[in-house]
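Just so it is clear, none of the values below were taken in a lab; they were calculated from the coordinates. Not measured: the values here are computed from a predicted model. No Cβ is skipped: glycine too gets one built from the backbone with ideal geometry, and neighbour counts run over all protein chains shown.
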Amino acid sequence: MSLEIINNKGVFEVCGEFTSENKGKVKEYFNDLLDNYYEVVMCLDNIKKIDESAIDVLKFIHRKAAKRSKVLFVLGKKNSTINRAFNIFNISYIFKNDYN
């Protein structure tokens, strides 16, 4: 299955399989967003599969946002696939729960 990123009224929904085969697409897309916007909202609710290389991309995006004093909201805590992966790799700190 492929990966698609959909702009849903400013919430960027990552859908499909976030794996090593398509990690570059996500990294480039969100890298560009962080270059151009102060606040970026990433939704992982529709991720069906995630691997360690995708986790590395999320860490990179999170670090870039922090380094540039940008606000990055990562939604998807209710997705069991994402929640499990974030707990395994100890990156649950990336989730931001206060986005409305």
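Worth a mention:
- Applying the criterion of at least 3 residues that are of a type in the set (D, E, K, R) to the helices (runs of 4 or more DSSP H) found wholly in the stretch 15-100 leaves 23-36, 52-67.
- Set side by side, the residues Leu33, Leu44 differ, and just one is touching a strand residue (DSSP E or B) at 6+ places or on another chain (Cβ under 9 Å) and closer than 14 Å to Leu3 by Cα, which is Leu44.
- Residue that is farthest from Glu13 (Cα to Cα), among those in the stretch 30-45 that are within 12 Å of the chain's Cα centre (by Cα) and surrounded by fewer than 16 Cβ atoms within 10 Å (Cβ to Cβ): Asn31
- Of Lys78, Lys49, Lys25, all but one fail to be among the charged types (D, E, K, R), under 22 Å from Glu4 (Cβ atoms) and surrounded by 15 or more Cβ atoms within 10 Å (Cβ to Cβ); the exception is Lys25.
- Scanning the stretch 1-25 for residues that are farther than 20 Å from Ser69 by Cα and of a type in the set (Val, Ile, Thr) yields Ile5, Ile6, Val14, Thr19.
- Pairing each residue of the stretch 60-86 that is small (Gly, Ala, Ser) with any residue that is surrounded by 15 or more Cβ atoms within 10 Å (Cβ to Cβ) and assigned to a helix (DSSP H, G or I), provided the two are 6+ apart or on different chains, yields C-beta distances under 9 Å for Ala65/Phe30; Ala65/Leu34; Gly76/Ile82; Gly76/Asn83; Gly76/Phe86; Ala85/Ala54; Ala85/Ile55.
- The residue pairs whose first member lies in the stretch 1-22 and is in contact (Cβ under 8 Å) with a residue 12 or more places away in the chain and farther than 20 Å from Asn36 by Cα, whose second member is of a type in the set (Asp, Glu) and in a loop (DSSP other than H, G, I, E, B), and whose beta carbons are closer than 9 Å, counting only pairs six or more residues apart or on different chains, are Ser2/Glu21; Leu3/Glu21; Glu17/Asp51; Phe18/Asp51; Thr19/Asp51; Ser20/Asp51.
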